[in-house]
1. From B:159, B:146, B:209, grab the single residue that is within 19 Å of residue A:169 (Cα to Cα) and either touching a strand residue (DSSP E or B) at 6+ places or on another chain (Cβ under 7 Å) or at pLDDT 80 or above (or both).
2. So which helices (runs of 4 or more DSSP H) stay within segment A:63-131 end to end and still have 1 or more residues that are out of contact with any Leu (no Cβ under 9 Å at 6 or more places or on another chain) and modelled with pLDDT of 80 or more?
3. I'm trying to understand the selection: among the residues of segment A:32-49, which are in a helix (DSSP H, G or I) and buried (at least 16 other Cβ atoms within 10 Å of the Cβ)?
4. I'd like to check something: does segment A:183-192 contain any residue that is surrounded by fewer than 16 Cβ atoms within 10 Å (Cβ to Cβ) and modelled with pLDDT under 80?
5. In segment B:24-50, how many are of a type in the set (Asp, Glu) and under 14 Å from residue B:60 (Cα atoms)?
6. Condition first: among the hydroxyl-bearing types (Ser, Thr, Tyr) and touching a residue at least 40 places away in the same chain (Cβ under 8 Å). Now tell me which residues in segment A:171-194 satisfy that.
7. Hey, among the residues in segment B:151-181 that are in a loop (DSSP other than H, G, I, E, B) and more than 9 Å from chain A (Cβ to nearest Cβ), which one's farthest from residue A:183 (Cα to Cα)?
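The values are calculated or read from the model by the stated rules, or taken from the named source; none is laboratory data. The shown structure was predicted, so the numbers you read here are calculated from the model rather than taken from an experiment. Positions of Cβ are backbone-derived with ideal geometry, glycine not excepted, and every protein chain shown enters the neighbour counts.
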Number of protein chains: 2
Amino acid sequence: MRPGEPDDLRLDARLNRERILVAAREVFAERGIDAPMAAVARRAGVGVATLYRRFPTREALVRGAFADQMAACTRVLDEAVDDPDPWRGFRRLVEELCRLQSEERGFPEAFLAAFPDEAREHAQARAGAERAFTGLVRRAQAAGALRPDFHASDLLVVLVAHGGLVTALPGDRAASRRLVAYLLEGFRAGPRRGALPPPSPADFGSLPLTGGRSA
Amino acid sequence: MRPGEPDDLRLDARLNRERILVAAREVFAERGIDAPMAAVARRAGVGVATLYRRFPTREALVRGAFADQMAACTRVLDEAVDDPDPWRGFRRLVEELCRLQSEERGFPEAFLAAFPDEAREHAQARAGAERAFTGLVRRAQAAGALRPDFHASDLLVVLVAHGGLVTALPGDRAASRRLVAYLLEGFRAGPRRGALPPPSPADFGSLPLTGGRSA
């Protein structure tokens, strides 16, 4: 065995893994997160067996493909919650999550897919994120900046609608930013507000994995 | 020839046509407006030749399938434009178009598909609708009810985002109504408005026929 071989093998494995993850992001963006695993393998130029050896389930592949975005998402939430001005924190959270959606189609579905109810660990992570967000909402409402009838599920409504927009009009940053700006104005506390209809029963767990794509 | 035969034939033809249109609406809702014509024929239980004899092009089929919705859409616009209170007319227009979207998935794409730039007649119909809408926007702005930086293309942004929402969360009327209510609040003229980013360059002609489905 030559001295360099184990390192070379590790490098090969890493490159293979990276190639699969790039291919997965591309295929998910084009065909949705329920695209066949074989399509990802084909795009990556690896065999299906190799793909399954590295990523035994679709969930593992999705999680790997969007690990960076997921980390960005957590960072955005942490920063929003830490902002001493809760309305500014809330506003930035909505803007940044939508910006992440614009940059990587398929990401919202990935975000939701990464928190399946079955996996206890991730159910806890999701519950923690939801608690943090709900706390931010309450503080922004107590500060008189966010309307009192804003409901935590409205964030889901925003992300699903905005996800549909970036899928239909990819690259149209103006459309994305206008939608977000109008919604944030709608969220502001203020006079002359009509009563809202009751909140959506949807929660992140109930959303279909395929997001804005098909039923 | 028996006396009743021509009538029976006409009845048969009408039933066949109706069956095809019902099947087309179902298939478009499930698979998008670019679903194979053969899938529509299969669902309707007719041969592909029969389908093409009645609807020689996909556009003719789309137009037939959504003729009622199209008429409803025109009626909604006429009523909005005729409302003596331009803000109420504007608000009802947004609410009613979104309600139509919620009731019939595939409809926004159909609406857009029915006005292709190539067909002169429909280009004129679309231009007329756009003129009517722009006039309503100006009057609602002049009345001080609609924010002065609202742009006609924002209606497209709303319909595309809302279309993504009803595709991802079919039947969730609460989500649809919350989104619309927030956006209408965002459209209202009022104090403390931040500057909006520039309008989207999108127009109804530039939207992909497949709407919120795939690129």
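1. On the way: B:146 fails: within 19 Å of residue A:169 (Cα to Cα); B:209 fails: either touching a strand residue (DSSP E or B) at 6+ places or on another chain (Cβ under 7 Å) or at pLDDT 80 or above (or both).
From the options B:159, B:146, B:209, the qualifying one is B:159.
2. Per the criteria, A:67-82, A:86-103.
3. First pass over segment A:32-49, keeping only residues in a helix (DSSP H, G or I): A:37-44, A:48-49.
If the condition is that a residue be in a helix (DSSP H, G or I) and buried (at least 16 other Cβ atoms within 10 Å of the Cβ), then A:37, A:39, A:40, A:41, A:43, A:44 are the ones that fit.
4. Within segment A:183-192, one or more residues are surrounded by fewer than 16 Cβ atoms within 10 Å (Cβ to Cβ) and modelled with pLDDT under 80.
5. Our first condition is that a residue be of a type in the set (Asp, Glu); within segment B:24-50, this holds for B:26, B:30, B:34.
So of that shortlist, the ones also under 14 Å from residue B:60 (Cα atoms) come out as B:34.
Selection size over segment B:24-50: 1.
6. Of segment A:171-194, the ones among the hydroxyl-bearing types (Ser, Thr, Tyr) are A:176, A:182.
Listed by number, the list holds a single entry, A:176.
7. At the first step, the residues of segment B:151-181 found to be in a loop (DSSP other than H, G, I, E, B) are B:151-152, B:169-172.
With the extra rule that they be more than 9 Å from chain A (Cβ to nearest Cβ), the set shrinks to B:152, B:171.
On the way: B:152: 17, B:171: 22 Å.
The extreme case among them is B:171.
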